[in-house]
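Derivation of every value follows stated rules applied to the coordinates shown; laboratory data play no part. Computed from a predicted structure; not experimentally measured. For neighbour counting, all protein chains shown are included, and Cβ atoms are generated from backbone atoms with ideal geometry for every residue, glycine included.
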Protein chains: 2
Amino acid sequence: MTNILNGKDIKKMSLTELNALCESLRSEIINTVMNNGGHLSSNLGAIELTVALYYVFDFPTDKLIFDVGHQCYAHKLLSDRPAEFSTIRKKGGLSGFPKRDESEYDAYDTGHAGTSISAALGIAKARDIKGENFNVISIIGDGSFNNGLVYEAFNSLRPLNTNILVILNDNGMSISPTVGSMHEYLEHLSKDDKHRQKVEKHANIFERFGFLYDGVYDGNNLEVLIEKLTEIKEKLKNNSIILHVLTKKGKGYAFCEENPEKTHGVSGGSASPCATYSKVLGNTLCNLAKEDKRIVAVTAAMTPSLGLSEFFKNYPERSIDVGICEEHATILCAALATQGLKPYYAVYSTFLQRSFDEIIIDICSQHLPVTICLDRAGISGEDGETHQGVFDLSFLRLIPGLTIAVPKDVLEFENMLKASVNFNAPLVIRYPKESLSVFGDNTCDNFKFGKWEIIKGGDGEVAILACGERAIRLSLKVSSKLENFGVNVKIINARSVKPFDEEMLSALSEKLIITVEDNQLIGGFGDGICRYYSEQKDKIVKSFAYRDEFIEHGTVEELMGEYGVNADEIADYIIKKCG
Amino acid sequence: MTNILNGKDIKKMSLTELNALCESLRSEIINTVMNNGGHLSSNLGAIELTVALYYVFDFPTDKLIFDVGHQCYAHKLLSDRPAEFSTIRKKGGLSGFPKRDESEYDAYDTGHAGTSISAALGIAKARDIKGENFNVISIIGDGSFNNGLVYEAFNSLRPLNTNILVILNDNGMSISPTVGSMHEYLEHLSKDDKHRQKVEKHANIFERFGFLYDGVYDGNNLEVLIEKLTEIKEKLKNNSIILHVLTKKGKGYAFCEENPEKTHGVSGGSASPCATYSKVLGNTLCNLAKEDKRIVAVTAAMTPSLGLSEFFKNYPERSIDVGICEEHATILCAALATQGLKPYYAVYSTFLQRSFDEIIIDICSQHLPVTICLDRAGISGEDGETHQGVFDLSFLRLIPGLTIAVPKDVLEFENMLKASVNFNAPLVIRYPKESLSVFGDNTCDNFKFGKWEIIKGGDGEVAILACGERAIRLSLKVSSKLENFGVNVKIINARSVKPFDEEMLSALSEKLIITVEDNQLIGGFGDGICRYYSEQKDKIVKSFAYRDEFIEHGTVEELMGEYGVNADEIADYIIKKCG
């Protein structure tokens, strides 16, 4: 494929050849995603747009910034990486997102929503300061377009006094269908042509912010796209432009076109979990909400991935999807709680980073009983650096008044959810995507936050304090390995990361305390245990957590092993100390 | 004053009496702020508006939410706290911000910008779910109105299907004059009446989002305000409304009207610092920027408070104020750095919490040489819970690839700034507002990040590792106290919180290691040192940092003492261990 896909040749191609190129790209992307997993339908919809951009503009001199990056696969194939495309999302292979370290064609690293217009403005402003001359283009989907960063960037276009092109790739979808008034406005602009033209003359919203507005409402038509982009390129010297392009998510692959929600992200792995935490969240909340009218579910554009589709169907009046607006979602929850309701905010760990300030100020300083259901915590795998959920125990533990619970399995998760209903304080329950095991006793009907349990007794030499399913599974492996060496370990399910179970901690007689967590070492659970015993000179605390680096993409198992949380290392350490 | 100011009596007053009430409120506020410090000119501008709201609506049944809260003083006087108003911002007295714990009239705690519309939506939605009946009102200034949260909230108004009143109190100012296209649009709406009416009919931005738009362009006129609010109240049953009210910041106090930037915040204390870090930042950056054309300064609506007015005047083409948009500012800096520029982002510690995700993803995972100048770090005093800068060492330390420097005084700060110019990685320099002392050697021309220095030698029993000016001043006090007990301490200027100076740490012979920092204990500097020595059984690490609670308002000294960082406690501990 390498020859056809060389971006440098595109400019010499005829329209027929270009259309054939789109088809090659399409089948290459479908085949690769089916093997490796990845983002499918968003990438399929943007192929013609990407080819047209490569035909009209000059990359990497011109700069192309993909918001989030779920639409960058054709770009990766067209720039300098077609031969490596089959390695995408594999450890050591190409990233599924734009990466400056990977190619000079990737102008800016993305992964979280709404950053591309700010980044484009910064790059364009730098160009102006340095007196250089190139075009800067942001491609943003209508889902990301709901994020507050877009407004912040729009609002500073005039003060920055620079020129960029924003391409709004509007396929009507985030992962869920896009919600909100901006989306309605976009529909209105693209559907009612006469009205649109009148509006444009008078008060198009984007023109208010200093953009010229233009549209391609047939955005999978290469010829139209090329014509419009060529026309626009000329205007970019003296204007900023927003080009509204309507595309079809999943274009060219019937199953995707018909099922855009199901084919946004495709899983490449073959290992099938026994359950997922998100499914348990959905089922349990549905059951609890039958009895308890205070329960409200809040999401930020990821309802199905979080397991809440059924809840949203059954309790529409108590279901809120705010779009990709994690900060706003957090404040909404706090405000609902001031009125005696019981909000459950389900969100991926990596995206909760956006709510850090609001968890401190809105939820915790007001002591409000919001429950955050923190999904995809720990290493999330193939999405890489920008999507690992490895910081949350650290950034949450430092917040006063927050209880942090980490279930050992889905049954305990269910117990925690039941107990959360009458828990009258800020609460986070943290869990990974997959559930692979069920451990020990789960019959507890009256779960209490703040208490740990002993999963396996020991002989007084070593205690492992393990947080969450992955850590407990690992600890049991360690325990098996050590049996051969005559070392017997106690394993504790440290299911409350804040507060600690101080009663159990103070009673531990073991001299060697091992902590295991699926989180960054600095500031995490282990650091807290280390501090707890800091003045007790008879205890040694050794923590297994991720070392202080960004964690690339790969499988969960590969990455846990490589970054410092694996059974062999733990067992070796214990043997060295006790064997 | 208690009688006149009882909100319950307002509804019986004549217009003349109401105007007299406004004047009483005005003089009460001026007198109190002159004594206690506080937010002056923003509060003065909103007096008539607040009185009109109390006249027309029924609080606390109706809910009133002040964005940030710099306009809530008249509300505090009119509700249930006139007698305590003289205690505002004093330890144990009234808070300078709305606080639910303080009064049922305070519907939602605020302090950071842009949250009030989200909070109003949440409260209104809860009302609807519960089938209750009251009005929900957000008052937001045009400065906060630039924040992305406003757009996120606007965008979800229709999906939430509820009704609120948003009062946009437009005085043309944040702390600095308000910037951006939204502000231009607001000016345009209020000034060009004919055009406005035409726009309103066609495509007023707010109506696009589902609000009715109305305006009072003479917003210090009580009669007009009352008339308009009465009219609007009726419509609120079936509509959400945005009422655009033009007010005069500093109204009624000539000096404030003429100097709104200087009188936004008034300092109550009499202790005058020998210098401020912000002044040193401004002077040093101005000097460096003469030689180095790569230097760009970025702020989020606080240019003067951060010491950068002169820089903005001298280098307008390299100065960016984005308005109250901390996230956008962070991404802009990252993007500028991708092009080889050298951005300095100056910001208060508490507001940097908003940029947490962008520091991780945009700056650090891309390894970009952005320098964050982190002002008002540590306890900031009278503004209380929402403004203390006590979490930053913890939430920054957990981010891979970030260097964190804490100067011991303004001279070292200057050296750090000079060294930062050629430091090619993400960097935070953290400092409090005031500088009171200069310590030890500052002649170093070639400052190196990552290295500590010994401020005072000891005798081998105790070493104090102190972070920053306040901690070092405290440590010297401790040292003096201990001299009487024959205990000699070594004091180390631990000016690099990340990375540690491991060479110095590994060479320390003292058995007792004390850490002192102006930061939350959990995850902070001390926790890192505790971890460093965790496997060395001959060392005891004891940390003095703030205990795990929200820190109320009071003076810096009062609060440091009460929350766990004071010379007496430290000295007592050391005497107990060594004496």
As a percent rounded to 5, the proportion of antiparallel DSSP bridges among beta bridges in the protein assembly as shown is 15 percent
Per residue of B:176-185, other chain Cβ atoms within 10 Å number on average 5
What a careful reader reports for the chain A Cβ nearest the rotation axis onto chain B, distance rounded to whole angstrom, is A:Gly148, 1
Under the Karplus relation with 6.51, -1.76 and 1.60 and θ = phi - 60°, whole-Hz ³J(HN,Hα) for the stretch A:56-71, x at Gly and Pro, equal 8, 9, 10, 9, x, 4, 5, 10, 10, 10, 8, 5, 6, x, 6, 10
To the nearest 0.05, the calculated FRET efficiency linking A:Glu502 and B:Leu436 through their beta-carbon distance, R0 being 25 Å, is 0.05
Charge tally for neighbours of B:Phe423 with beta carbon under 11 Å away, counting Lys, Arg as +1 and Asp, Glu as -1, is +3
Partner shielding of B:153-166, as the mean number of partner chain Cβ atoms within 10 Å, equals 5
Summed over the other residues with a beta carbon less than 9 angstrom from that of A:Tyr108, with K and R at +1 and D and E at -1, the charge totals -1
Counting only DSSP beta bridges with both partners in the stretch B:453-578, the antiparallel fraction in percent, to the nearest 5, comes to 15 percent
Lys and Arg at +1, Asp and Glu at -1: neighbours of A:Ala337 with Cβ under 15 Å from its Cβ sum to +4
quick note, chain B, DSSP beta bridge pairs, % antiparallel (nearest 5) is 15 percent
What the 10 Å binned alpha carbon P(r) of chain A shows, as percent of pairs per bin from 0, is 3, 17, 25, 23, 17, 10, 4, 1, 0
Extend 7 Å from the Cα of A:Ser86 along its Cα-to-C-beta direction; within the stretch A:14-50, residues with backbone N under 11 Å of that point are A:32
Simple spin-label estimate for A:Ala20/B:Glu557, 7 Å along Cα→Cβ, in nm, reads 8.4 nm
Short to long, in 5 Å steps from zero, the percent of alpha-carbon pairs of the stretch B:322-406 per bin is 3, 16, 26, 27, 17, 8, 3, 1, 0
On the formula 1/(1 + (r/R0)^6), with r taken between the Cβ atoms of A:Asn238 and B:Asn446 and R0 of 56 Å, the FRET efficiency rounded to 0.05 is 0.75
D (µm²/s, integer) via Stokes-Einstein for the stretch A:7-264, Kirkwood Rh across alpha-carbon pairs, 4 °C, 1.567 mPa s: value 71 µm²/s
Highest mean packing first, using Cβ neighbours within 10 angstrom, the peptides A:390-399, B:81-90, A:295-304 sort as A:390-399, A:295-304, B:81-90
Residues meeting the amide H criterion for B:Ala346 (H placed from the backbone, H to H distance under 5 Å, 5 or more places apart or on another chain) are B:Val298, B:Cys373
Inter-chain shielding metric for A:107-117, i.e. average beta-carbon neighbours from other chains within 10 angstrom, reads 4
Once normalised by the length of the stretch B:453-578, the mean sequence separation of its alpha carbon contacts under 8 Å that are 6 or more apart gives a contact order in percent of 28 percent
For the stretch B:393-467, averaging the sequence separation of alpha carbon pairs under 8 Å that lie six or more residues apart and dividing by its residue count, the contact order in percent is 35 percent
The Rg/Rh figure for the stretch B:93-194, Cα atoms and Kirkwood Rh, to two decimals is 1.01
The ratio Rg/Rh over the Cα atoms of the stretch B:453-578, Rh being the Kirkwood inverse mean 1/r radius, stands at 0.94
Dividing the mean separation of Cα pairs under 8 Å (6+ apart) by the residue count of chain B yields a relative contact order in percent of 12 percent
With the label set 7 Å along Cα→Cβ, B:Ser27 is separated from its counterparts in the other copies, in nm and shortest first, by 8.8
In debye to the nearest 20, the charge dipole size for the stretch B:388-497, taken about the Cα centre with +1 at each Lys and Arg Cβ and -1 at each Asp and Glu Cβ, equals 220 debye
Inter-copy distances for B:Lys313, nm, shortest first, label points 7 Å along Cα→Cβ, are 6.6
Shortest first and in nm, the label-point separations between A:Pro499 and its counterparts in the other identical copies (7 Å out along Cα→Cβ) come to 3.8
Gyration tensor (Cα only) of the protein assembly as shown to equivalent ellipsoid, semi-axes in Å sorted down, yields 42, 40, 31
